[in-house]
1. Can you confirm whether residue 103 is over 30 Å from residue 36 (Cβ atoms), in contact with a Cys (Cβ under 7 Å, 6 or more places away or on another chain) and of a type outside the set (D, E, K, R)?
2. Can you pull out every residue in the stretch 58-89 that is in a strand (DSSP E or B) and open to solvent by 60 Å² or more (accessible area, probe 1.4 Å)?
3. Residue by residue through the stretch 96-142, note down the ones that are under 17 Å from the mean Cα position of the chain (by Cα), free of Cβ contacts under 8 Å to residues at least 24 places away in the same chain and outside any strand (DSSP E or B).
4. When you scan the stretch 24-42, do you find a residue that is in a strand (DSSP E or B), more than 23 Å from residue 148 (Cα to Cα) and at pLDDT below 95, even just one?
5. Determine which member of the set 160, 121 is polar (S, T, N, Q), touching a Gly at 6+ places or on another chain (Cβ under 8 Å) and either open to solvent by less than 50 Å² (accessible area, probe 1.4 Å) or modelled with pLDDT under 95 (or both).
6. Based on this model, can you work out whether residue 92 counts as under 11 Å from the mean Cα position of the chain (by Cα), loosely packed, with under 15 Cβ neighbours inside 10 Å and at pLDDT 95 or above?
7. May I ask you to say which residue of 69, 74 is farther than 16 Å from residue 117 by Cβ, among the β-branched types (Val, Ile, Thr) and touching a residue at least 12 places away in the same chain (Cβ under 8 Å)?
8. Looking only at the stretch 137-157, how many residues end up being open to solvent by less than 60 Å² (accessible area, probe 1.4 Å) and not acidic (Asp, Glu)?
Amino acid sequence: ASWAWQWVPFKGPIGLSPGRCRIDCGAIATMFAGGAMTEQLERNKKTVVDFYDPMFNQCRPAEAVRRFVGAQYVQHNPMVADGRQAFIAYFERMAEEFPGKHVSIKRVFAEGDHVILHCHQEWPSDRDRDRNWAGIDIFRLDADGKIVEHWDVLQKVPPQAANTNTMF
């Protein structure tokens with residue numbers, strides 16, 4: 001995207017002196033032209049969030065794929081093959097091996113045709129250190145609002161941290 005800075009006259013509100021201020025013309029143009037873009041971003045965020053619950057929490061990956069995934073699906077997780085059927089098979093196996101797994105979405109970001117989720121994943125395990133994971137999922141959606149590509153990274157949530165911040 002192209003943008004430019006420009007000095008413009010400024011008539012300040014009470015308490016501020018009139019003068020000139022520097023504005024980012026690209027940001028202003030994006031704000032005014034962003035109605036359609038904002039609708040698309042919100043639609044894409046809703047699609048990904050609506051996909052995640054039946055896929056992960058309700059253990060219904062076939063339904064989630066049927067409703068929210070495009071004809072072609074590219075997977076960047078090295079443990080899951082490309083394609084809709086491979087995705088369904090992987091998450092059906094996860095549902096059998098880890099009944100009761102659950103994800104809580106903490107944050108949702110969108111830009112262009114990508115949506116990013118910051119999640120807390122809870123996996124049943126006999127070992128405390130294997131139960132809680134912080135995850136980032138990145139999805140790309142097509143022009144029809146269908147999920148067509150996915151990346152993810154996971155990090156174990158340690159029982160104790162070197163700081164008082166949380167991972168969420």
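The values are calculated or read from the model by the stated rules, or taken from the named source; none is laboratory data. It should be emphasised that the depicted structure is a prediction, and the values quoted were computed from it without experimental measurement. Cβ placement follows ideal geometry from the backbone for every residue including glycine, while neighbour counts extend to all protein chains displayed. SASA here: full protein model, heavy atoms, side chains in, ligands and nucleic acids out. Shrake-Rupley method; radii C 1.70, N 1.55, O 1.52, S 1.80 Å.
1. Numbers: over 30 Å from residue 36 (Cβ atoms): yes; in contact with a Cys (Cβ under 7 Å, 6 or more places away or on another chain): yes; of a type outside the set (D, E, K, R): yes.
Answer is yes for this residue.
2. 71, 72
3. 112
4. Yes, because at least one residue in the stretch 24-42 is in a strand (DSSP E or B), more than 23 Å from residue 148 (Cα to Cα) and at pLDDT below 95.
5. Unique residue meeting the criteria: 121.
6. Here the answer is no, as residue 92 does not meet what is asked.
7. Numbers: 69 fails: farther than 16 Å from residue 117 by Cβ.
Going through 69, 74 in turn, the sole match is 74.
8. 8
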